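Trainee: First, the structure itself, so that you have it in front of you.
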Amino acid sequence: AVPIVAGPLDETWWENFRDDQLTGYVEEAVTESPAIGQAIGRVQQARAQATIQGANLLPSVSAGLSGSRSKQTIGAATNNFGLSVDVLWGKLSSQSAAARADFLASASNLRAVRQAIAAETSRGYFGVIEAQQQVALSEKVVGTFGEITRQISNRANVGIAAPNDRTLAIANLESSRA
């Protein structure tokens, strides 16, 4: 068994075929596909959300101080002080990490959609080429059987070949045309 080695994906692998027509079809399909537009929209939305969440990474601190002083008539004084501090950090950090993960997932999805569209376009392109070559081959086969039928008929006409050979050659020619 041959080991499969996963490596970095060539984002424009179809260019390795060095076929300008294929490259044009793939680029047009990727550019014009509604699925690509939707994926780009999701990436932009996730990027904006990650940027917003990243801006909130600094801790949020709120503090309050209150105090009061009262003097009673007998000469005693009362002092009351209060201090409160709220720090919000971990929640924002988690939200930012989640937003970044969403952005990275959206970007990966965009690459996957592009690759899928490129693959389907390439498959269709090569399918058309294959069909064209099959038609050309069939035309050559019909031409060859036509020439064989002509030669065998000429031989049968002068008595060199049996009449059954001509019948067989004609059947082969008709079969190749079907």
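The values are calculated or read from the model by the stated rules, or taken from the named source; none is laboratory data. Worth saying up front: this structure is predicted, and the values here are computed from it rather than measured. Reconstructed Cβ throughout: ideal geometry from the backbone, glycine too, with neighbour counts over all protein chains shown. When the accessible area is computed, the model is the full protein with side chains, heavy atoms only, and any ligands, DNA or RNA have been set aside. Shrake-Rupley method; radii C 1.70, N 1.55, O 1.52, S 1.80 Å.
Trainee: State, as an integer percentage, the relative contact order of the stretch 94-178 based on alpha-carbon contacts under 8 Å between residues 6 or more apart.
Mentor: Once divided by the residue count of the stretch 94-178, the mean separation gives 24 percent.
Trainee: Taking the Cβ-Cβ separation of Ala35 and Ala162 as r and a Förster radius of 45 Å, what is the calculated FRET efficiency to the nearest 0.05?
Mentor: That pair, Ala35 with Ala162, gives E of 0.10.
Trainee: If the chain between Thr51 and Asp10 were fully stretched, how many nm would it gain, using 0.36 nm times the residue separation less the Cα-Cα distance?
Mentor: 11.9 nm
Trainee: With every protein chain present, what accessible area does Glu130 have (1.4 Å probe, heavy atoms only), rounded to the nearest 10 Å²?
Mentor: About 100 Å², ignoring ligands and nucleic acids.
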